[in-house]
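Colleague: Take a look at this one; I'll ask things after.
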Amino acid sequence: MIGVKALLGYTLAATDGAIGEVEDCYFDDVHWTVRYFVVDTGGWLSGRRVLITPMAVRGVDQGGERVIVDLTREQVEHSPDIDTHRPVSRQHELSLLQHYGFPTYWYGPYAWGPVMLAAPPAPAPEGVMDEVMARSEQDSLEDAHLHSTNDTLGHEIQARDGAIGHVDDFLLDERSWTMRWLVVDTRNWLPGKHVLVAPEWVESVDWTERAVRVGLTRDQIRSAPPYDRSRPIDRDYEHRLFAHYGRPKYWDRAA
């Protein structure tokens, strides 16, 4: 796993050179999965920002702080423009994914449509893309189904019986780019302690009031095994977390 805050500043490396640096991530609050990296291209494209889908990722070099993508600089240069100050519409996503030759992800039972991992599946059968186009055109041009991780950091975590902390980070699975855990900073209530809460336990999000409501009590969160950001997440620690919360494990659901 990798934290979103650690990912910021990573270089996006195309097959023929650097594209820019990760500035933000856009995620959806249904599957809690990163759909795009917002990349600042710096002087190369006069500061233009582009969206890169995780479906293009072929590896993450944490030591070198690079995300390696199977794209060329020319492909990125000619990608559709994006206004990061406005919601990303389905129509814009469709044109972006078509430009790169990637499938849509929003029709299917899993985080990436028909598959669970962020890898482009086989080309869609003839006629399927026509149906996708028709259905996508019915979506609102301002359909705000994507959210910024930068904007979500700091949102208050509200348990069933009151506030308990705020969102400090997101821990991502590098294979699926799904958010496995929200890192909750509880230092306003529990000095110095960080704990993890799974996005599946989020009952609602008030984006205007910047509040994330979870189906847990303050005591459950307060007494959870502490999270040490200096140590990697392992299965033993996750087993203890799920046992503490009394919730099913995500890998059992996937199986």
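The values are calculated or read from the model by the stated rules, or taken from the named source; none is laboratory data. Keep in mind that this is a model prediction, so the values were computed, not measured. Note that we place each Cβ from the backbone using ideal geometry, even for glycine, and neighbour counts take in every protein chain shown.
Colleague: Is one or more of the residues making up the range 39-49 under 27 Å from T152 (Cα atoms), under 17 Å from the mean Cα position of the chain (by Cα) and of a type outside the set (V, I, T)?
Modeller: no
Colleague: For P103, all conditions in the list (1) at pLDDT below 95; (2) out of contact with any helix residue (DSSP H, G or I) (no Cβ under 8 Å at 6 or more places or on another chain) hold save one; what is the number of the exception?
Modeller: Tallying (1) at pLDDT below 95; (2) out of contact with any helix residue (DSSP H, G or I) (no Cβ under 8 Å at 6 or more places or on another chain), P103 fails exactly one: (2).
Colleague: Taking the range 62-83 as the region of interest, how many residues are in contact with a strand residue (DSSP E or B) (Cβ under 6 Å, 6 or more places away or on another chain), under 18 Å from W44 (Cα atoms) and assigned to a loop (DSSP other than H, G, I, E, B)?
Modeller: Matching residues across the range 62-83 total 4.
Colleague: Of everything in the range 24-44, what is without any contact (Cβ under 8 Å) to a residue 40 or more places away in the chain and either out of contact with any strand residue (DSSP E or B) (no Cβ under 8 Å at 6 or more places or on another chain) or among the charged types (D, E, K, R) (or both)? Give them in sequence order.
Modeller: Within the range 24-44, D40, G43 qualify.
Colleague: Among the residues of the range 17-61, count how many are aliphatic (A, V, I, L, M), within 21 Å of M179 (Cα to Cα) and part of a strand (DSSP E or B).
Modeller: Step one: of the range 17-61, the residues aliphatic (A, V, I, L, M) are 18-19, 22, 30, 34, 38-39, 45, 50-52, 55-57, 60.
Subset that is within 21 Å of M179 (Cα to Cα): 22, 30, 34, 38-39, 51-52, 55-57, 60.
Restricting the remaining residues to those that are part of a strand (DSSP E or B) gives 22, 34, 38-39, 51-52, 57, 60.
Looking only at that region, the number is 8.
Colleague: When both residues are 6+ apart or on different chains and their Cβ atoms are under 9 Å apart, which pairs have a first residue that lies in the range 57-84 and is under 22 Å from W112 (Cα atoms), and a second that is in a strand (DSSP E or B) and of a type in the set (D, E)?
Modeller: If the second residue must be in a strand (DSSP E or B) and of a type in the set (D, E), the pairs left are V67/D61; I68/D61.
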